[in-house]
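**Q** Okay, here's the structure, questions in a sec.
The values are calculated or read from the model by the stated rules, or taken from the named source; none is laboratory data. What you are looking at is a predicted structure, and each value in this text was computed from that prediction instead of being measured. Cβ sites come from the backbone with ideal geometry, for glycine too, and all protein chains shown count toward neighbours.
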Amino acid sequence: MDLKILLQRCFNSIGYHVIKQSKYVKLNSELDAFKTEARPERIWTRLSPALPEIPSHLLRNSRLVTNRYELMKLLPRNAVVAEVGVAFGDFSDFTLKVLEPFKFVAIDTFELHKFERVFDVSSAEKFEGLSHGGWFLKRFKEYVEKGVMEVQMGLSWDMLGKYPDNYFDIIYLDADHSYDSVRKDLNVIKYKIKAGGTIIFNDYTVFDPYTETPYGVPKAVNEFIVENNCEVIFFALQPTMFFDLAVKFNERKQ
Ligand SMILES: C[S@@+](CC[C@H](N)C(=O)[O-])C[C@H]1O[C@@H](n2cnc3c(N)ncnc32)[C@H](O)[C@@H]1O
């Protein structure tokens with residue numbers, strides 16, 4: 001048999017095996033369509049999206065760091081920060097303590113209480129019988145009362161759109177990971193981030209094996225980097241392979 005075909009089959013069967021073996025609950029409706037349509041060769045195509053490479057001149061000042069927590073420690077303190085997609089707020093809590101932001105905007109649809117289980121915990125137990133948003137406000141009451149934290153409940157691109165242009169020093173993007181949604185977020189973020197500000201893209205990976213969901217983050221992010229000539233400043237490793245990539249945003253190109 002032709003070596004190319006053999007290799008292709010081998011890769012396909014690995015992809016198929018990963019999909020079959022996963023034990024986790026599916027949160028994303030795209031998955032059903034993905035699985036019913038999925039023949040091995042289709043999976044391989046879906047996980048290998050055509051994306052532009054980041055040219056080396058945009059990588060020459062980049063640094064590899066151990067994980068996203070180390071990355072955050074290298075960012076400026078007392079800044080205006082947004083975390084887009086906060087879930088339970090564990091990472092928000094870390095950022096608030098480490099960076100002591102002047103302003104921290106927490107954005108989420110805050111609808112996780114509608115799922116029976118979230119990230120393998122019972123949502124009723126986690127949210128103590130409250131709504132996701134109510135529980136989050138209770139958790140960060142002190143910061144909200146001090147005027148440091150603003151909580152915005154709704155779709156990420158709409159909530160970001162409420163802020164003035166050139167407002168944020170740091171935006172941590174971790175909401176919907178489909179290509180279309182990340183593009184939509186970035187179409188707003190490019191106006192809301194200051195020149196010289198930092199955008200961190202969480203989950204820079206093509207597939208989530210826990211929920212069996214393809215991610216469009218690398219494609220949307222690489223396109224954005226190339227279109228706006230952004231310098232990559234950090235790449236954070238993560239044991240789970242859900243990497244973070246951080247860029248410095250210098251100027252709006254379109
Ligand atoms: C992966 S979790 C965020 C985790 C959090 N950043 C952390 O590191 O702990 C993604 C969150 O984004 C929210 N989300 C997903 N799509 C969204 C959208 N389009 N607008 C606002 N929030 C969204 C979900 O409700 C969820 O809480």
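**Q** Which condition breaks for Tyr163 when tested against (1) assigned to a helix (DSSP H, G or I); (2) away from the ligand (no atom under 14 Å from the Cβ)?
**A** Single failed check for Tyr163: (1).
**Q** Go through (1) over 18 Å from the mean Cα position of the chain (by Cα); (2) crowded, with 18+ Cβ neighbours inside 10 Å one by one and return the number of the condition Leu71 breaks.
**A** Going through (1) over 18 Å from the mean Cα position of the chain (by Cα); (2) crowded, with 18+ Cβ neighbours inside 10 Å one by one, Leu71 breaks only (1).
**Q** Check Phe207, Phe140, Phe201 and return the single one that is under 18 Å from Thr109 (Cβ atoms) and within 15 Å of the ligand (Cβ to nearest atom).
**A** Among Phe207, Phe140, Phe201, only Phe140 is under 18 Å from Thr109 (Cβ atoms) and within 15 Å of the ligand (Cβ to nearest atom).
**Q** Now a separate question. Would you pick out the residues in segment 193-219 that are on the phi > 0 side of the Ramachandran plot and in a loop (DSSP other than H, G, I, E, B)?
**A** Narrowing segment 193-219 to residues on the phi > 0 side of the Ramachandran plot: 196, 203, 212.
If the condition is that a residue be on the phi > 0 side of the Ramachandran plot and in a loop (DSSP other than H, G, I, E, B), then Asp203, Glu212 are the ones that fit.
**Q** To continue, here is another question. So the check is Cβ under 7 Å with 6+ separation or different chains; which pairs have a first residue in segment 205-227 that's β-branched (Val, Ile, Thr) and a second one that's in a loop (DSSP other than H, G, I, E, B) and modelled with pLDDT under 90?
**A** Partner pairs satisfying both residue conditions: Val206/Leu47; Val206/Pro49; Thr211/Tyr24; Thr211/Lys26; Thr211/Leu27; Thr211/Asn28; Thr213/Asn28.
**Q** Being within 9 Å of the ligand (Cβ to nearest atom) and of a type in the set (Val, Ile, Thr) is the filter here, so list the residues in segment 116-127 that pass it. It would help to see each step written out before you state the result.
**A** So the first thing to find is which residues in segment 116-127 are within 9 Å of the ligand (Cβ to nearest atom), and the list is 118-119.
If the condition is that a residue be within 9 Å of the ligand (Cβ to nearest atom) and of a type in the set (Val, Ile, Thr), then Val118 is the only one that fits.
**Q** Which ones in segment 62-115 are among the β-branched types (Val, Ile, Thr), touching a Leu at 6+ places or on another chain (Cβ under 8 Å), within 15 Å of the ligand (Cβ to nearest atom) and not in a loop (DSSP other than H, G, I, E, B)?
**A** Correct list: Val81, Val84, Ile107.
**Q** Are any residues in segment 116-126 in contact with a strand residue (DSSP E or B) (Cβ under 9 Å, 6 or more places away or on another chain) and part of a loop (DSSP other than H, G, I, E, B), and if so, which ones?
**A** Within segment 116-126, Glu116 is the sole residue that qualifies.
**Q** Does Lys146 satisfy the criteria of being of a type in the set (Lys, Arg), within 26 Å of Leu74 (Cα to Cα), within 19 Å of the chain's Cα centre (by Cα) and away from the ligand (no atom under 16 Å from the Cβ)? First the steps, then the outcome.
**A** Values: of a type in the set (Lys, Arg): yes; within 26 Å of Leu74 (Cα to Cα): yes; within 19 Å of the chain's Cα centre (by Cα): no; away from the ligand (no atom under 16 Å from the Cβ): yes.
So Lys146 does not fit the description; no.
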